[in-house]
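**Student:** Here you go, one structure.
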Amino acid sequence: MLINIVGKNLDITDAMRERTEKKLSVLNKYFADSDNEERLLRAKLLVKTYSDHQKVEVTVNTPIGLLRSEVKAIDFYAALDLSIDKLEDQIRRQKTRMSRKNREKLSVAFLEEMNQIEQEQQEEVTPVRTKEIFAQKMDLNDAVVQMEMLNHTFFIYTDSETNEIAVVYKRYDGGYGLLEVEKDTSV
């Protein structure tokens with residue numbers, strides 16, 4: 001893990017740096033590949049000192065998106081511990097949400113949504129804005145986690161199983177829908 005520690009109104013000591021590296025390395029276990037190969041995470045830690053407390057802001061760039069915590073405490077070490085607890089809680093919540101969702105439900109929801117969209121789509125819409133994106137290669141669960149972490153209603157990615165572009169989206173009823181690209185065989 002690459003860690004950048006910045007102190008405002010204080011100097012970062014070696015003990016603070018070592019404790020931070022030790023605490024943040026705990027997050028690596030959540031992002032290990034199936035081969036137990038750890039992915040490279042980047043973290044930025046900002047420590048601000050005030051007259052009566054210290055504030056620790058931690059931002060971790062992970063494969064599933066940005067994790068962020070901001071904690072105020074009397075000393076640096078207490079604030080760091082609380083920050084790590086918050087980050088782990090964010091990760092656990094996302095994993096719990098994903099374990100509740102079933103892939104089979106996604107395909108049924110997708111078919112219902114497509115039927116509804118076809119019925120409602122009568123007039124042509126012109127785009128107001130065009131944006132280019134890079135569709136990262138990942139599986140469906142990672143895509144939903146990324147979408148949730150970004151707080152978006154949809155997410156475009158390259159499916160790691162099919163190597164095709166896919167879109168996962170949040171439905172109004174709280175479920176998820178999946179749009180998969182089908183190749184044109186008429187050509």
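The values are calculated or read from the model by the stated rules, or taken from the named source; none is laboratory data. Keep in mind that this is a model prediction, so the values were computed, not measured. Reconstructed Cβ throughout: ideal geometry from the backbone, glycine too, with neighbour counts over all protein chains shown.
**Student:** Counting only residues that are in a loop (DSSP other than H, G, I, E, B) and not polar (S, T, N, Q), which one in segment 175-187 is farthest from ASP139 (Cα to Cα)? I'd like the intermediate steps shown before the answer.
**Tutor:** Filtering segment 175-187 down to residues in a loop (DSSP other than H, G, I, E, B) leaves 175, 181-187.
When the remaining residues are screened for being not polar (S, T, N, Q), the result is 175, 181-184, 187.
On the way: GLY175: 17, VAL181: 15, GLU182: 17, LYS183: 19, ASP184: 23, VAL187: 29 Å.
My answer is VAL187.
**Student:** Now, a different point. Please go through segment 176-187 and give me each residue that is at pLDDT below 90 and either out of contact with any Asp or Glu (no Cβ under 7 Å at 6 or more places or on another chain) or of a type in the set (Ser, Thr, Tyr) (or both), ordered by number. Working first, answer last.
**Tutor:** Within segment 176-187, the first condition is being at pLDDT below 90, and the residues that meet it are 180-187.
Of everything in segment 176-187, those that are at pLDDT below 90 and either out of contact with any Asp or Glu (no Cβ under 7 Å at 6 or more places or on another chain) or of a type in the set (Ser, Thr, Tyr) (or both) turn out to be GLU182, LYS183, ASP184, THR185, SER186, VAL187.
**Student:** Tell me which residues, restricted to segment 161-174, are part of a loop (DSSP other than H, G, I, E, B) and either at pLDDT 90 or above or in contact with a strand residue (DSSP E or B) (Cβ under 8 Å, 6 or more places away or on another chain) (or both).
**Tutor:** The answer is THR162, ASN163, GLU164, ARG171.
**Student:** Further, regarding this structure: State all residues of segment 1-46 that are of a type in the set (Phe, Trp, Tyr) and either modelled with pLDDT of 80 or more or more than 22 Å from the chain's Cα centre (by Cα) (or both); if no residue qualifies, say none.
**Tutor:** Correct list: empty.
**Student:** Would you be able to tell me the number of residues in segment 60-79 that are crowded, with 20+ Cβ neighbours inside 10 Å and either aromatic (Phe, Trp, Tyr) or not in a strand (DSSP E or B) (or both)?
**Tutor:** 3
**Student:** Now for a different question. Taking segment 133-147 as the search range and keeping residues that are touching a helix residue (DSSP H, G or I) at 6+ places or on another chain (Cβ under 8 Å) and either among the basic types (Lys, Arg) or surrounded by 19 or more Cβ atoms within 10 Å (Cβ to Cβ) (or both), which one is farthest from THR96 (Cα to Cα)?
**Tutor:** Here the answer is MET138.
**Student:** Sort out which residues of segment 9-31 are touching a residue at least 40 places away in the same chain (Cβ under 8 Å), part of a helix (DSSP H, G or I) and not β-branched (Val, Ile, Thr), and write them in order of number.
**Tutor:** Across segment 9-31, the qualifying residues are MET16, ARG19, LYS23, LEU24, LEU27, TYR30.
**Student:** Take segment 2-31 and flag every residue that is surrounded by fewer than 16 Cβ atoms within 10 Å (Cβ to Cβ) and either among the aromatic types (Phe, Trp, Tyr) or in contact with an Asp or Glu (Cβ under 8 Å, 6 or more places away or on another chain) (or both).
**Tutor:** Within segment 2-31, VAL26, ASN28 meet the criteria.
**Student:** Take the residues in segment 47-66 that are modelled with pLDDT of 85 or more and aliphatic (A, V, I, L, M); name whichever of them is nearest to ASP142 (Cα to Cα). Full working, then the answer.
**Tutor:** First, pick out the residues of segment 47-66 that are modelled with pLDDT of 85 or more: 47-60.
So of that shortlist, the ones also aliphatic (A, V, I, L, M) come out as 47, 56, 58, 60.
Numbers: VAL47: 31, VAL56: 28, VAL58: 22, VAL60: 17 Å.
Across segment 47-66, the extreme among qualifying residues is VAL60.
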